[in-house]
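Beneath this line is the structure, given in structure tokens, with notes to follow.
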Amino acid sequence: MENQQQRILIVTASLRFGGVERMVQNIANYYQTRGWKVLIATLLDPEGKVSVSLNPGIETTFFKNEGQGLSGFKNGPLRQMDFLYQTNHARF
């Protein structure tokens, strides 16, 4: 069996300033420096503004939910996360 690179998907509201954002930064940078491929998906920030310091090579994407807010997912959040993975798996 071939040794595959470990991957992690971090889902958060945004990457602007704040305590949770700082924790996401620390977790993402930690895993990236250990050779993991890191993708961060934001739920509420379509402009993609990043106010935290991420290591080079960490990818970010916006998770479109048709402007319905966090509680408006038509098929539930797990279904939407699966869709995010399926649409990004080629680069992730």
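Could you tell me how many of the residues in the range 12-32 are in a helix (DSSP H, G or I), over 15 Å from Glu59 (Cβ atoms) and not aromatic (Phe, Trp, Tyr)?
Adding up the residues that qualify gives 6.
Pairs under 9 Å by beta carbon, first residue on the phi < 0 side of the Ramachandran plot and surrounded by 14 or more Cβ atoms within 10 Å (Cβ to Cβ) in the range 21-45, partner among the acidic types (Asp, Glu) and not in a loop (DSSP other than H, G, I, E, B), six or more apart or different chains?
From residues that are on the phi < 0 side of the Ramachandran plot and surrounded by 14 or more Cβ atoms within 10 Å (Cβ to Cβ), the pairs are Lys37/Glu59; Val38/Glu59; Leu39/Glu59; Ile40/Glu59.
Read-outs throughout are calculated quantities, based only on the coordinates presented, and are distinct from any laboratory measurement. None of these values were measured; they are calculated from a predicted model. Counting neighbours? That spans all protein chains shown, and the Cβs are built from the backbone with ideal geometry, glycine included.
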